[in-house]
Amino acid sequence: MQLKSGTGMDERPKIAIGGIKFSEELVHLRLSDSKAAAQLLQRASAGSINFPFLCHSSLRHPAETTFCVQREDFGRLQQAADSAGLSLDLFTVTPGVGTITVFPHRNSLALLGLIITLFAREGYPIHSLSSSISVIAVNTSYALLDTIAMSLQSWLQLPDNHAPFRQTVRLEQLSG
């Protein structure tokens with residue numbers, strides 16, 4: 001499906017999806033040192049720091065690890081890095097990131113192309129992207145999530161009973 005420019009209603013049908021969800025505000029980190037990334041991820045995991053997004057690619061050299069943590073967990077992540085003898089200067093750190101998750105409802109390939117095209121056309125940043133058969137997750141500017149969702153809704157059909165984009169309940173694992 002190709003994006004057409006224009007205003008108002010046109011003849012293009014909307015793609016039915018299962019829903020859209022926003023993350024809380026995140027800090028996005030990228031590192032091209034697999035050993036350092038593994039050390040930090042192990043320390044952070046031992047400290048019960050959640051990674052709402054984690055992706056590793058070893059197709060290029062050097063390999064690259066990309067992940068996100070909740071904004072309020074970033075200080076604890078810095079402590080984990082310190083305890084592992086790592087400096088966060090090794091990482092590309094981008095604050096103010098949010099994940100927009102789209103549930104494709106059997107339209108993943110067409111939808112993935114549409115999302116990438118829409119982001120490029122509108123100049124929305126993509127810090128990282130992941131897709132599977134059940135979800136497309138784009139890490140972008142947290143401040144733009146509502147604007148991006150509005151743009152997407154002109155191309156997508158949400159279910160009638162769609163929940164709010166933002167979570168109202170936050171679950172935390174308690175160490176016991």
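Does the stretch 115-135 contain at least one residue that is in contact with a Pro (Cβ under 7 Å, 6 or more places away or on another chain), buried (at least 17 other Cβ atoms within 10 Å of the Cβ) and not acidic (Asp, Glu)?
Checked the stretch 115-135: no residue is in contact with a Pro (Cβ under 7 Å, 6 or more places away or on another chain), buried (at least 17 other Cβ atoms within 10 Å of the Cβ) and not acidic (Asp, Glu).
Got at least one residue in the stretch 41-59 being modelled with pLDDT of 90 or more, under 19 Å from Ile20 (Cα atoms) and not assigned by TED's automatic domain parsing to the domain that holds Ser131?
Yes, some residue in the stretch 41-59 is modelled with pLDDT of 90 or more, under 19 Å from Ile20 (Cα atoms) and not assigned by TED's automatic domain parsing to the domain that holds Ser131.
Tell me whether the stretch 76-85 contains one or more residues that are over 17 Å from Ala36 (Cβ atoms), of a type in the set (S, T, N, Q) and out of contact with any strand residue (DSSP E or B) (no Cβ under 7 Å at 6 or more places or on another chain). Step through it out loud before you land on a result.
Of all residues in the stretch 76-85, those over 17 Å from Ala36 (Cβ atoms) come to 76.
Remaining after also requiring of a type in the set (S, T, N, Q): none.
Scanning the stretch 76-85, I find no residue that is over 17 Å from Ala36 (Cβ atoms), of a type in the set (S, T, N, Q) and out of contact with any strand residue (DSSP E or B) (no Cβ under 7 Å at 6 or more places or on another chain), so the answer is no.
Looking at Gly47, Gly96, Gly85, can you tell me which residue is among the small types (Gly, Ala, Ser), under 17 Å from Thr140 (Cβ atoms) and surrounded by fewer than 20 Cβ atoms within 10 Å (Cβ to Cβ)? Write out each step before concluding.
Values: Gly47 fails: under 17 Å from Thr140 (Cβ atoms); Gly85 fails: under 17 Å from Thr140 (Cβ atoms).
The unique qualifying residue is Gly96.
Take Phe67 and decide whether it is surrounded by fewer than 19 Cβ atoms within 10 Å (Cβ to Cβ) and either within 17 Å of Thr94 (Cα to Cα) or touching a Ser or Thr at 6+ places or on another chain (Cβ under 8 Å) (or both). Steps first, answer last, please.
Values: surrounded by fewer than 19 Cβ atoms within 10 Å (Cβ to Cβ): no; either within 17 Å of Thr94 (Cα to Cα) or touching a Ser or Thr at 6+ places or on another chain (Cβ under 8 Å) (or both): yes.
Criteria not met by Phe67.
Six or more apart or on different chains, Cβ atoms under 9 Å: show the pairs whose first residue is in the stretch 128-155 and outside the structural domain of Leu118 (by TED's automatic domain parsing) and whose second is crowded, with 19+ Cβ neighbours inside 10 Å and small (Gly, Ala, Ser).
Hits for this filter: zero, empty list.
Specify the residue that is surrounded by the most Cβ atoms within 10 Å (Cβ to Cβ); the eligible residues are those in the stretch 1-17 that are under 26 Å from the mean Cα position of the chain (by Cα) and at pLDDT below 90.
Checking each candidate, the answer is Ile15.
Hey, can you tell me all the residues within the stretch 89-110 that are without any contact (Cβ under 8 Å) to a residue 12 or more places away in the chain and not in a loop (DSSP other than H, G, I, E, B)?
Once the filter is applied, which keeps residues that are without any contact (Cβ under 8 Å) to a residue 12 or more places away in the chain and not in a loop (DSSP other than H, G, I, E, B), the stretch 89-110 yields Asp89, Leu109.
Check the stretch 104-119 and report whether any residue there is under 25 Å from Gly75 (Cβ atoms) and out of contact with any helix residue (DSSP H, G or I) (no Cβ under 8 Å at 6 or more places or on another chain).
Scanning the stretch 104-119 turns up no residue that is under 25 Å from Gly75 (Cβ atoms) and out of contact with any helix residue (DSSP H, G or I) (no Cβ under 8 Å at 6 or more places or on another chain).
The values are calculated or read from the model by the stated rules, or taken from the named source; none is laboratory data. Values in this document were obtained by computation on a predicted structure and should not be read as measured data. Note that each Cβ is placed from the backbone with ideal geometry, even for glycine, and that neighbours are counted across all protein chains shown.
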